[in-house]
1. Distance check, please: which entries in Lys60/Lys85; Lys27/Lys92; Lys60/Lys99; Lys27/Lys85; Lys27/Lys60; Lys92/Lys134 exceed 20 angstrom between their Cα atoms?
2. Amide H to amide H, which residues 5 or more places from Phe38 or on other chains are under 5 Å from it, using H placed in the peptide plane?
3. Using Cα springs under 10 Å in a Gaussian network model of the chain, which residue among Gln88, Gln68, Gln49 shows the largest mean-square fluctuation?
4. For segment 139-156, list residues with backbone N below 20 Å from a point placed 7 Å from the Cα of Leu111 toward its Cβ?
5. Indicate the gyration tensor shape class of the chain (rounded, prolate or oblate), computed on the Cα atoms with a ≥ b ≥ c the square roots of the eigenvalues: a/c under 1.5 is rounded; otherwise a/b larger than b/c is prolate and the rest oblate.
6. Name the most mobile residue of Ala54, Ala93, Ala23, meaning the one with the largest mean-square fluctuation, in a Gaussian network model of the chain with Cα contacts below 10 Å.
7. Once you put a point 7 Å from the Cα of Arg75 and another 7 Å from the Cα of Lys99, both along the Cβ direction, what distance in nm separates them?
8. At R0 = 25 Å, how high is the FRET efficiency between Leu26 and Lys47 if r is their beta carbon distance? Nearest 0.05 is fine.
Amino acid sequence: MLAFLWNYNKQMNDTIKKEAVKAVSLKSLMTPSKTVEFDYPGCEGFKVQLCYLAREELVKLRNRCVTQVFNKKTRGYVEEMDDDKFLQEYTKAVIKGWKGLQLGFLKNLLLLGDVADETQELEFTQENIETLMKNSADFDTWVTEVVGDLENFTKSK
């Protein structure tokens with residue numbers, strides 16, 4: 001009986017060794033981005049689709065907007081950020097869409113002239129995104145804070 005148990009244990013151990021667990025690569029589990037829809041605070045019905053970018057993607061985006069410029073005083077090259085290009089690239093990468101942005105909501109975000117119909121919705125376009133990000137510190141800050149918080153993109157909804 002003891003010999004039977006010893007052989008059985010040996011066979012089980014050999015089987016377990018043969019079926020060793022394959023190591024998992026963290027890199028293979030990562031995703032470069034994830035898009036989630038968020039409600040903009042204080043504007044009922046205004047929803048914005050924001051995309052979380054991994055650090056590597058943000059670095060690539062930044063590098064596309066930086067140029068080397070020769071400085072005559074130091075006689076060396078310095079990095080110079082093209083702010084307009086960065087805003088364009090950043091908004092394309094991070095803001096994937098919106099719905100429900102009524103013109104009346106914009107009165108709290110920007111200095112606007114007279115608006116005939118405050119319930120009319122503003123179309124989602126690259127030009128509208130850039131204009132809103134350039135001219136509304138509140139919207140820009142909100143986008144930056146939401147996108148910068150990984151927890152916003154890891155919660156199950």
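Every number here is computed from the coordinates shown, using simple stated rules; none is lab data. As the structure is a computational prediction, the values presented were derived from the model and not from experiment. Note that we place each Cβ from the backbone using ideal geometry, even for glycine, and neighbour counts take in every protein chain shown.
1. Details: Lys60/Lys85 13 Å; Lys27/Lys92 25 Å; Lys60/Lys99 29 Å; Lys27/Lys85 30 Å; Lys27/Lys60 17 Å; Lys92/Lys134 14 Å.
Over 20 Å Cα-Cα: Lys27/Lys92; Lys60/Lys99; Lys27/Lys85.
2. Val48, Gln49, Leu50
3. Residue with maximal mean-square fluctuation among Gln88, Gln68, Gln49: Gln68.
4. Backbone N within reach: 139-141.
5. Values: a/c = 5.12, a/b = 1.83, b/c = 2.79.
Note, shape of the chain comes out oblate.
6. Among Ala54, Ala93, Ala23, the largest mean-square fluctuation in the Gaussian network model of the chain belongs to Ala23.
7. Result for the modelled spin labels: 6.2 nm.
8. The value I calculate is 0.15.
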